[in-house]
Amino acid sequence: MTLSLLFEQLLNGLQLGTMLFLMASGLTLVFGVMGLINLAHGSFYMTGAFVTAWVTGTTGNFWVGLLAGTLAAAAVGALVEFAVIRRLYHRDHLDQVLATFALILIFSEGTRWLYGSSPLWLNVPDSLAGSVILPFGVEYPLYRLAIIGMGVLIAIGLYLLISRTRLGMRIRAGENDREMIGALGVDISTLYTLVFALGAGLAGLAGATIGALQSVQVGMGEPVLILAFVVIVIGGIGSIKGALVGALLVGVVDTLGRVLLPDLFKLFMEASAASGVGAAIASMLIYILMAIILIFKPNGLFAVKH
Amino acid sequence: MTQSHSLTATGPAQPARFRLDREGWISLGLLLILVVGASVAYLAGENFFVNLASRMVIIALAGVGLNLALGFGGMVSFGHAAYFGLGGYVAGIGAFHAFDMTPALGIPFLPNGSDQMIPLWLTAIALCGLLAYGIGRLSLGTSGVYFIMITLAFAQMIYYFAISWPTYGGEDGLPIYIRNQLWGLNTNNSLVFFFLCFGLLLAALSFCHRLLGSRFGAALTMARLNPVRLATSGVEPRPVKLVAFVISGMITGLAGALFADLNGFVGTSMLDWHRSGEIMVIVILGGVGRLYGPVAGAMLFVAMEFWLGGLTEYWQFFLGLVLLAVVLFARGGVFGLLSGRSRHE
Amino acid sequence: MNEAVLSIQNLNKRFGALHATKDVSINVMPGEIHALIGPNGAGKSTLIAQIAGTLAPDSGTLWLDGQSLDSLSVAERARQGLGRSFQVSSLAESLSVRRNVMMAVQALQGSSFRFWKPVNSDASLREPADAVLAQMDLGHRADTPVAELSHGERRQVEVACALALKPKILLLDEPMAGLGPEGTAKLTTLLETLKHQVPILLIEHDMDAVFRLADRISVLVAGEVIAHGDSDTIRNDPNVREAYLGDDHAESA
């Protein structure tokens, strides 16, 4: 294990963390403001990726595709909120889980119906193709670096949105006291639709950017969704700051664990067994991390009072 | 027949032992349909339909397990695929080592694998109990959304572990070449296997019926309805819930072992989180918190899977629509619709 | 150590800058009704939470019949003999009155991990529950779901649940709140007879009831006990008049 490889993997972890943050921030906002658990969040991720791949394929321009994918995810989010989700705010979590699980089935099978089962391909745009040389002699793909940069910008943007704007003020008011915000005369259902669409748009953006690194296919949102759940459980449900810290923690631990653990086990096991056991343990690592954090902080690192 | 007498206040003070209410008649009818359907199909030489009935029974059993935690204990576990899959892998791994005549898990001092159902079932139940104890201990410190997500996450952990563990097939799964055996019975006979499963379902249902009517059941009911009242009465809610959660995982694990034997195969799809969702859907389709709800739910689910699946490749799209409609408009599930009463609570 | 049944000694609780419980000491003696009064925001709820075990004090100790309660959970305190009722009644709404009371009987017998014998036909649970219900004049309501009870009846059921624990002390949190004059009178009579069976720590807003019932009164203002004594002492205490009785009317609204 050289220092440069470690540095590269650390960047990969940050990049994964960035993606998880885009997913988790939407989930945690929707939970914080509306008290809703949304399993279908991964469907917006998938929507973003599919629309981006399709529009990019049609227009030949990745950036047009990315914009279209993000907006389409936000629009689908707003539509779903209007048609289904707003009937669930006053229901218990079980009903929310089931209804949004039903939405996953509808979205996944509907997409399969439209696009078929074989994956779509989306290429990294030419302007971001190639690599850059970083410290420690690491040659790192420019596109991945751009994702990390985008994540930083979005984190700052969300912070400014929530702390500095009228919409943000309403979001914070909604988190603290749902009755109050209605009494203030804020149009609560518009606010909810906006927040939901914002979360869906962020998920769509994540799906669209990742779509260029992996294949675009049905079900692609689900593993990310479950990782995002782990992130917000670790960070504290409802806390954007928790989502950020949790996302980076999960991204880095997961990525480094997969690289380091097999080598670690090789110190005291024979090589083939070590890589098998190492890989198996590495795949469980973030869940073990979650369990340990829960033992000490049952409500996550940045617990939000409700 | 139903537990509602012992759970709701409006019922008579003594359980109506020999009198069935509407819900009781429906339950009895469902069980009869299964038995008669499987027998007729067998006589007609339609093994496919006998196996379809076995599938209903096994999935119902998994649902009965989840219902104990979810319906009666108020614990919304989104990770019961972990127990279902673990039970399946016990059956698969036992058969694998029995076939190879190697010690279980390849660990030298362990006994050889087994192709006998009874020890496999007992092992599945014991291991699922242990797993549920571990997950329950960690998860029951939280509640609400946390509990849902954490149970989901732990099940996912088991799923990834199974995928990355190459010995037992990893992503490809593990075939069971010869169905496991039970004494002198011919378990390869589809009707014999059906009645085995059916017998276990009945046993689980009557066990749950007794359990819910017992002192433990009273404490569990109170833990769901009002944990503050339970604690103020002098009973800690958490151990009560934990025990119910463990039993719940055990029953679902047993169903998993049967499911693997039914299909002659165990794979990571048994551990997939969609499976957790399906088991939950079965409980809800039938009617949450009704003892026989999962039976109705499983029959409906498997029937839809068969019928819609025959019509279109995208049958889950329609399953999604049905489920959405049930959640939004028919919250009592099948039992709620048929018996004209809304869901408990 | 003294002969008090419940002894609260030097209890302190701070929430940041707020000193919510300030060196509170209260002793409840056998056979007495000890009332705790105080204006809104005096810290009564915080104090009750610490006695019941839902909130850990920063310092101080609690003794029940010579046993320390400090490290015990809510359920363990209940088993030690602390029976309580809630300000907002907390019962299982869909269960019958009897089933609510039977829960406490079951806990008293220490037998919640029996999985087979049906509770519905279990005389060892039903009979003690029915006896308590009869004592509370609730026998005719035993099979009624709590959801169908009147406000006053719920209060009675709460007390019945507490009594079924065979408690060493009853902690009643504003049992008169929301009761009409008739309900208040009924409950007052009941508590008068009950106190010979079990001493009561009564947190109450209704001053008439307090002065009629209480053998001794402690007045809590801003987290601190500012006066102790019988009704007359309290009525004539200038501090109490100033801090409390002066705005009694605004307060009881």
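No value in this document is a laboratory result; all are computed from the given coordinates. As the structure is a prediction and not an experimental result, all values here were calculated from the model. Cβ atoms come from the backbone with ideal geometry, glycine included; neighbour counts cover every protein chain shown.
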Worksheet, complete the sentence: Quick count over the range C:134-151, residues being out of contact with any helix residue (DSSP H, G or I) (no Cβ under 8 Å at 6 or more places or on another chain), of a type in the set (Gly, Ala, Ser) and within 14 Å of another protein chain (Cβ to nearest Cβ), is 1
Worksheet item: Does the range A:251-262 include one or more residues that are within 14 Å of chain B (Cβ to nearest Cβ), closer than 16 Å to B:Ile158 by Cα and not small (Gly, Ala, Ser)?
Response: yes
Discussion item. Please go through (1) surrounded by 19 or more Cβ atoms within 10 Å (Cβ to Cβ); (2) under 29 Å from A:Gly130 (Cβ atoms) for A:Leu260 and return the number of the only condition it doesn't satisfy.
Written reply: (1)
Response to the item:
Pairing a residue in the range A:4-20 that is over 30 Å from A:His41 (Cβ atoms) with any residue that is part of a helix (DSSP H, G or I) and of a type outside the set (Asp, Glu), where Cβ atoms lie under 6 Å and the two sit 6 or more apart in sequence or on different chains, gives A:Ser4/A:Phe136; A:Ser4/A:Gly137; A:Phe7/A:Phe136
Worksheet item: Can you name every residue in the range A:207-225 that is of a type in the set (Ser, Thr, Tyr) and in a helix (DSSP H, G or I)?
Response: A:Thr209
Worksheet item: Which condition breaks for C:Trp116 when tested against (1) part of a loop (DSSP other than H, G, I, E, B); (2) within 7 Å of chain B (Cβ to nearest Cβ); (3) surrounded by 15 or more Cβ atoms within 10 Å (Cβ to Cβ); (4) not aliphatic (A, V, I, L, M)?
Response: (3)
Discussion item. From the list A:Ala129, A:Ala102, exactly one residue is under 23 Å from the mean Cα position of the chain (by Cα) and not charged (D, E, K, R). Which is it?
Written reply: A:Ala102
Practice prompt. Could you list all residues from the range B:186-239 that are in contact (Cβ under 8 Å) with a residue 40 or more places away in the chain, over 20 Å from B:Gly63 (Cα atoms) and within 14 Å of chain C (Cβ to nearest Cβ)?
Written response: B:Ala223, B:Leu225, B:Arg238
Fill in: Extreme residue, farthest from C:Ile37 (Cα to Cα), among residues of the range C:172-208 that are among the β-branched types (Val, Ile, Thr) and assigned to a helix (DSSP H, G or I)
C:Thr193
Worksheet item: Which condition breaks for B:Tyr292 when tested against (1) within 13 Å of another protein chain (Cβ to nearest Cβ); (2) out of contact with any Lys or Arg (no Cβ under 8 Å at 6 or more places or on another chain); (3) hydroxyl-bearing (Ser, Thr, Tyr)?
Response: (1)
Worksheet item: Can you pull out the residues in the range B:263-274 that are surrounded by fewer than 24 Cβ atoms within 10 Å (Cβ to Cβ), out of contact with any Pro (no Cβ under 7 Å at 6 or more places or on another chain) and either away from chain A (no Cβ under 14 Å) or under 13 Å from B:Ala62 (Cβ atoms) (or both)?
Response: B:Asn263, B:Gly267
Item to complete: Name every residue in the range C:85-100 that is within 15 Å of C:Leu165 (Cβ to Cβ), assigned to a loop (DSSP other than H, G, I, E, B) and more than 7 Å from every other protein chain (Cβ to nearest Cβ), in order of residue number.
Response: C:Phe86
Discussion item. Quick check on the range C:53-71: of everything there that is over 19 Å from C:Val198 (Cβ atoms) and not in a strand (DSSP E or B), which residue is nearest to the other protein chains (Cβ to nearest Cβ)?
Written reply: C:Thr54
Worksheet item: For the range A:81-99, what are the residues that are of a type in the set (Val, Ile, Thr) and either at the interface with chain B (Cβ under 8 Å from one of its Cβ atoms) or surrounded by fewer than 23 Cβ atoms within 10 Å (Cβ to Cβ) (or both)?
Response: A:Val84, A:Val97
Fill in: Unique residue being under 14 Å from the mean Cα position of the chain (by Cα), more than 14 Å from chain A (Cβ to nearest Cβ) and over 25 Å from B:His209 (Cα atoms) when the list is B:Gly88, B:Gly129
B:Gly88
Discussion item. If the requirement is being in a loop (DSSP other than H, G, I, E, B) and of a type outside the set (Asp, Glu), which of these qualifies: A:Leu29, A:Leu36, A:Leu20?
Written reply: A:Leu36
Worksheet item: Right, C:Arg79: under 22 Å from B:Ser233 (Cα atoms) and either out of contact with any Phe, Trp or Tyr (no Cβ under 6 Å at 6 or more places or on another chain) or not basic (Lys, Arg) (or both) or not?
Response: yes
Worksheet item: Inside the range B:21-106, counting only helices (runs of 4 or more DSSP H) that do not spill past its ends, which hold 3 or more residues that are in contact with an Asp or Glu (Cβ under 6 Å, 6 or more places away or on another chain) and in contact (Cβ under 8 Å) with a residue 12 or more places away in the chain?
Response: B:81-100
Worksheet item: Condition test on B:Thr252, is it within 22 Å of B:Thr151 (Cα to Cα), facing another protein chain (nearest Cβ under 8 Å), touching a Phe, Trp or Tyr at 6+ places or on another chain (Cβ under 9 Å) and of a type in the set (Ser, Thr, Tyr)?
Response: no
Worksheet item: In the range B:316-331, is there at least one residue being surrounded by 18 or more Cβ atoms within 10 Å (Cβ to Cβ) and more than 9 Å from chain A (Cβ to nearest Cβ)?
Response: no
